[in-house]
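Every number here is computed from the coordinates shown, using simple stated rules; none is lab data. Only a predicted model underlies this, so the values are computations on that prediction, with no experimental measurement involved. Positions of Cβ are backbone-derived with ideal geometry, glycine not excepted, and every protein chain shown enters the neighbour counts.
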């Protein structure tokens, strides 16, 4: 098999994972496509090492996460501005009520896996970056609060608050009847 064909096969094997990681962090399909292309350009440059190693998936996920976070860091000043406005309006960080997940355990029973995934992706995309990114890093990339704070250059309490608020927003979105969600997205 030629190097070109081998790389094409390699890329097809990992393209869904790379794109999904990027879109979860960025919340924007077009930006996720751009990041995915950038990831595979880097993978092509390192293909000889990746082809022979067993850690290609981990390497790709790390590169995708880093490139996505770098992309978001470009907008960091905007984050800080809106975050400060929210904190001023919301009062102390500890004032938020606990998250209430009203859905019973069998809530998703009538949905297939693709519908559930699409629904969750839609809800994630609705979150502001400052909430979505830490939530994705915590739940999907399984980073600790401390690791997230270090990666994003924010305080530990901000990470915890943003994740809590993201969970609340997701619970609210996911608890709406299907018709209400369709009207909002259409």
How far apart, in nm, are the 7 Å Cα→Cβ label points at residue 74 and residue 139?
-> 2.7
Stretch residue 119-residue 175 to full length: gain in nm at 0.36 nm per residue minus the Cα-Cα span?
-> 19.0 nm
Residue 8 paired with residue 44, simple spin-label distance in nm, labels 7 Å along Cα-to-beta-carbon | 1.3
Rounded to 0.05, the calculated FRET efficiency for the beta carbons of residue 28 and residue 156 at R₀ = 25 Å is 0.40
Could you rank the peptides 9-16, 145-152 by their average count of other C-beta atoms within 10 Å per residue, with the highest value first?
-> 145-152, 9-16
